1. Output the 0 to 90 degree angle, nearest 10, between the alpha-carbon long axis of helix 361-374 and the longest principal axis computed from the alpha carbons of the chain.
2. Once both labels are modelled 7 Å past Cα along the beta-carbon direction, what's the M55-N288 spacing in nm?
3. Give the lysines reachable from K312 as a straight Cα distance under 29 Å; neighbours fewer than 8 places away on the same chain don't count.
4. Given a Förster distance of 56 Å, report the FRET efficiency between K81 and I224 from their Cβ-Cβ distance, rounded to the nearest 0.05.
5. Give me, ordered by chain and number, the residues 5 or more places off V26 or on other chains with an amide H under 5 Å from its own placed amide H.
6. Which of the trypsin sites (Lys or Arg not before Pro) found in the stretch 300-352 are in a DSSP loop and have at most 11 neighbouring Cβ atoms, other than their own, within 10 Å?
7. Whole-Hz ³J(HN,Hα) for each residue in the stretch 189-194, computed from phi via Karplus 6.51 cos²θ - 1.76 cosθ + 1.60 with θ = phi - 60°, x for glycine and proline: what do you get?
8. Quick check on the chain: take the gyration tensor over C-alpha atoms, sort the square-rooted eigenvalues as a ≥ b ≥ c, and tell me if it's rounded (a/c under 1.5), prolate or oblate.
Amino acid sequence: MLLVFVVTLVAMLASYVLLARGDGYVLLAMSGYTVEMPVVIAVLLVLLLFLLLYMVIAFLRGLLGTRRSVVGWARNQRRQKGLSRTTQGLIAFVEGRWDFARRSLAKAADNSSTPLVNYLFAARASSAIGDAKAVDGFLKQAELSTEGADVAIGLTQAELQIQNAQYEQALATLLRVRKQSNHHPIVLKLLARVYTELNDWQQLLKLLPALRQAKGSGVSDAEIAALEQSACRELLRDADKKGGHEALANAWKQLPTAAKKRAVIVADYAERLIEQGQLVDAETVVRNQLHRLYDSDLVEIYGRTLADRPEKQLAFAEKLLKSQKDDARLHIALGRICSRLNKLDDAERYLQQSIALEEHAVAWAELANLHAARGDYRASAECYARGAALQIGANRPMLLPAVPASEDGKESEAVDKSVAQQGTADSKTA
């Protein structure tokens, strides 16, 4: 402001001096007309014209600025209204008012800064009321509204398809999305669920390594292990049911190496081999696993297998006993192996030791069979009754093997009567 004041003052002084002296003039000639004026007047006219031009320009700028302000205000009002409707729609969505939610979200989408969110939640609300056509329409609008959101749109579509039990369509959607984002954790998680629902156990097993490495999927290591266990057991069950021993062996070979070292899966495979009568194969599989890691449930199964050389099987089990003296199930296994080798005294000793450590109905049943093999049916009946009482107390079905009958059948009939009487008394006591 000081600079403008000084310049103005100097200009006024100079103008006064020039006007007082009256030096110089300006002559304008145009189209036969001439205009003559002093230099100072010409300068003042130029300055006046410049001032008028400046004022016109300022007026026009102010007018245009006002229009832009009005347009911006109107746009801001629409945006605020869209935000308000979006908020109302999301609140209605959370409250479960699906129809109102989708109408509010759809109307606010054009004025929303995030139309993708509006359309995706409108699609979810439409799915909740079963309007599949509206779902497809909203997903299409979401795709057109925002570039680079194919993964988000695909995940939403897959989740809605899973909710409606459209697992094959969900699989196609997820496979398409996975091509764009191969290691996306949520894609892998949903794929695991779809494969489980479709009973596609082979593909599930192939997927699990990627799911285990993915971060942010929300699937814990324990859940992945449970999925792997279920897939392996189902594959073994299907092979056992459809193709017999050869198919079961092939299914076992196709399982992941890590899965074949887990005791629970080995136990399931061994049980199926035993049911098929493949006792030697079962013994090999179980023994290899017990070499790697001891497992109490697995060692009980080992006692029901049969090796090519039973003496080596007994030696292996006795070797395990050195470090597992307090495992009642290992003693049951030793009792069974000794019984097959006709070492009845050793078998009875192991079974008694098992009962002393922990009473099992199976141990009493094996002891009953041993007494029956010796011809001591009274002792056999007592052991059966003790085992039956344990099973009744545990609320389990009777799984005890039958007592061998004698030649005339009298002892067997007496044993059955004694077992029935003892079981009735024990059940009343329980």
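1. Helix 361-374 sits at roughly 20 degrees to that axis.
2. 10.4
3. Result set, ordered by chain and number: K253, K260, K261, K322, K325, K343.
4. Between K81 and I224 the formula returns 0.75.
5. M37, V39
6. Listed in order of number, the matching sites are K322, K325.
7. 5, 5, 4, 4, 5, 5
8. prolate
Each value in this text was obtained by applying a stated rule to the coordinates, not by laboratory testing. From a predicted model like this one, the values you see are computed outputs, not experimental measurements. Neighbour counts are summed over all protein chains in view; Cβ atoms, including those assigned to glycine, are modelled from backbone coordinates with ideal geometry.
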